[in-house]
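Have a look at the structure below, then the notes.
The values are calculated or read from the model by the stated rules, or taken from the named source; none is laboratory data. Just so it is clear, the structure is predicted and the values come from calculations on it, not from any experiment. Here Cβ is always computed from backbone atoms with ideal geometry, including for glycine, and neighbour counts include all displayed protein chains.
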Amino acid sequence: MRAALIGMPFSGKSAVFQALTGIESGKKEETVGTIKVPDERIDRLSDIYNPKKKTYGEFVLSDFTVPHAKENVISPKVKNMVQKTDLMIFVLRNFESLMTSNAVDPVSEYMKMKEDLIITDFVVIERRLEREQKEKKNPPELNILKKLHSMLENGELPGDSRIPADEAEFIANYNFLSMKKIIVLINQPEGKMDVPEKLRDLLLKDGIEYFCVSAPIEIELAELSPEEQIEFLKDYGLTESAKIRFIKSAYHSLGLISFLTAGADEVRAWPIKNGTTAVLAAGKIHSDIQRGFIRAETIHYHDFIKYGSEAECKKAAAYKLEGKEYIVKDGDIINFRFNV
Ligand SMILES: Nc1nc2c(ncn2[C@@H]2O[C@H](COP(=O)(O)OP(=O)(O)OP(=O)(O)O)[C@@H](O)[C@H]2O)c(=O)[nH]1
Ligand SMILES: [Mg+2]
């Protein structure tokens, strides 16, 4: 999965990026870092299989350096880069900064970014609809484009419920930013976690998840040992690092689960959308496995731990042979049988 941090100048994007990835952003247009998704199931299975390789789920996170004079947060270049991602993280500044004379106002930052996002797509649709007026080709996506056009015109983001997946497919190749998942990260002053009520209401109305971090604290935290981290978090009244809260929020808003593969070569977590069928999950590993799919040999992680081995799972009827249309569950350990 890919995610991008976007926000107004000095909102603390690069500080957040460092807190989440441990990497300091340079002067490059785009700095990329990875966030491994901790998963104790992978640790436990690795203890059992002793594999050559252990692979966690992973987010690839991008941070951008953009000229500050720009009117729009989403310049054409940023748009191109963001289009490659699955998730946008809006970073809002809720701390006093010496670097800008602008007041602390996360509500207007949010509204401005939402507006920029909407305008970016709106102009594309306007142009497309104008062309259609001349050409009268009546392409299959026309009605969905019109639907999105009217939402954007009203200053609304579509969200999943208003343009469901089967409709979204028709306009997938436009790669609209307004169709992407957004989570909001409110960059707070040290030790404060209260969110302006107006912002909370707006985000609730737009169906957008948010979480708070104080980037400098999180950078400090990330440099400590796991034991020290627990104490440090306690001092600030926190239970989890920003990294963990980010991962949870991202998985939740993208609707992600993980299936697992386990063997002597590799123990690995594969993030997929909840609701994915076995045959499509197979395609995440390799297109050959999807094409030649026969069966998915499936044991749920909890059963595997409970019974201790594949043989014992078979005796307990916890080993199942699932077909193409089986909906994969979080924690399924799968071995795909296939034919090429
Ligand atoms: N007090 C406080 N300072 C912060 C926080 N987050 C970032 N800063 C500081 O704010 C300044 C700007 O942070 P950056 O992370 O560079 O902001 P940015 O959004 O990447 O800025 P540009 O890339 O220049 O647009 C830095 O001096 C940070 O140390 C925060 O949560 N609290
Ligand atoms: Mg920066």
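In the range 172-194, what residues are at pLDDT below 90 and in contact with a strand residue (DSSP E or B) (Cβ under 7 Å, 6 or more places away or on another chain)?
Selection gives Met193 alone.
Report every pair of residues separated by at least 6 positions or lying on different chains whose Cβ atoms are under 6 Å apart, first residue within the range 90-103 and away from ligand 2 (no atom under 14 Å from the Cβ), second at pLDDT 90 or above and among the hydroxyl-bearing types (Ser, Thr, Tyr).
Leu92/Tyr110
Looking only at the range 70-95, which residues are away from ligand 1 (no atom under 16 Å from the Cβ) and in a strand (DSSP E or B)?
Leu87
Does the range 273-289 contain at least one residue that is within 16 Å of ligand 2 (Cβ to nearest atom) and in a helix (DSSP H, G or I)?
Let us first name the residues in the range 273-289 that are within 16 Å of ligand 2 (Cβ to nearest atom), namely none.
Scanning the range 273-289, I find no residue that is within 16 Å of ligand 2 (Cβ to nearest atom) and in a helix (DSSP H, G or I), so the answer is no.
Do any helices (runs of 4 or more DSSP H) entirely within the range 173-235 hold 1 or more residues that are closer than 20 Å to Phe10 by Cβ and not hydroxyl-bearing (Ser, Thr, Tyr), and if so, which?
Where helices (runs of 4 or more DSSP H) fall fully within the range 173-235 and carry at least 1 residues being closer than 20 Å to Phe10 by Cβ and not hydroxyl-bearing (Ser, Thr, Tyr), they are 197-206, 215-222.
Taking the range 294-323 as the search range and keeping residues that are in contact with a strand residue (DSSP E or B) (Cβ under 8 Å, 6 or more places away or on another chain) and assigned to a loop (DSSP other than H, G, I, E, B), which one is farthest from Ser46 (Cα to Cα)?
My answer is Gly323.
Quickly run through the range 324-340 and pick out the residues that are of a type in the set (A, V, I, L, M, F, W, C) and assigned to a loop (DSSP other than H, G, I, E, B).
Val328, Val340
Restricting to the range 1-38, and then to whatever is out of contact with any Leu (no Cβ under 9 Å at 6 or more places or on another chain) and basic (Lys, Arg), can you tell me which residue is farthest from ligand 1 (Cβ to nearest atom)?
Only one residue fits best here, namely Lys36.
In the range 55-69, how many residues are part of a loop (DSSP other than H, G, I, E, B) and either more than 12 Å from ligand 1 (Cβ to nearest atom) or surrounded by 13 or more Cβ atoms within 10 Å (Cβ to Cβ) (or both)?
Summing the residues that are part of a loop (DSSP other than H, G, I, E, B) and either more than 12 Å from ligand 1 (Cβ to nearest atom) or surrounded by 13 or more Cβ atoms within 10 Å (Cβ to Cβ) (or both) in the range 55-69 gives 3.
Please specify each residue of the range 108-123 satisfying the condition of being surrounded by fewer than 18 Cβ atoms within 10 Å (Cβ to Cβ) and touching a residue at least 24 places away in the same chain (Cβ under 8 Å).
Within the range 108-123, Met111, Lys112, Glu115, Ile119 meet the criteria.
Looking at the structure I just gave you, is Ala19 among the small types (Gly, Ala, Ser), more than 21 Å from Lys77 (Cα to Cα), near ligand 2 (Cβ under 10 Å from one of its atoms) and crowded, with 19+ Cβ neighbours inside 10 Å?
On the way: among the small types (Gly, Ala, Ser): yes; more than 21 Å from Lys77 (Cα to Cα): yes; near ligand 2 (Cβ under 10 Å from one of its atoms): no; crowded, with 19+ Cβ neighbours inside 10 Å: yes.
Considered against the rule, which asks whether it is among the small types (Gly, Ala, Ser), more than 21 Å from Lys77 (Cα to Cα), near ligand 2 (Cβ under 10 Å from one of its atoms) and crowded, with 19+ Cβ neighbours inside 10 Å, Ala19 comes out as no.
Being in a loop (DSSP other than H, G, I, E, B), within 12 Å of ligand 2 (Cβ to nearest atom) and surrounded by 14 or more Cβ atoms within 10 Å (Cβ to Cβ) is the filter here, so list the residues in the range 24-54 that pass it.
Ser25 - this is the single residue of the range 24-54 that is in a loop (DSSP other than H, G, I, E, B), within 12 Å of ligand 2 (Cβ to nearest atom) and surrounded by 14 or more Cβ atoms within 10 Å (Cβ to Cβ).
Step by step: first the residues of the range 286-337, then only those that are buried (at least 17 other Cβ atoms within 10 Å of the Cβ), hydrophobic (A, V, I, L, M, F, W, C) and more than 26 Å from the chain's Cα centre (by Cα), then the one that is farthest from Ile257 (Cα to Cα). Which residue is that?
Ranking the qualifying residues of the range 286-337, first place goes to Cys313.
For the range 70-89, how many residues meet the condition of being surrounded by 15 or more Cβ atoms within 10 Å (Cβ to Cβ), within 16 Å of ligand 2 (Cβ to nearest atom) and more than 21 Å from the chain's Cα centre (by Cα)?
Result for the range 70-89: 1.
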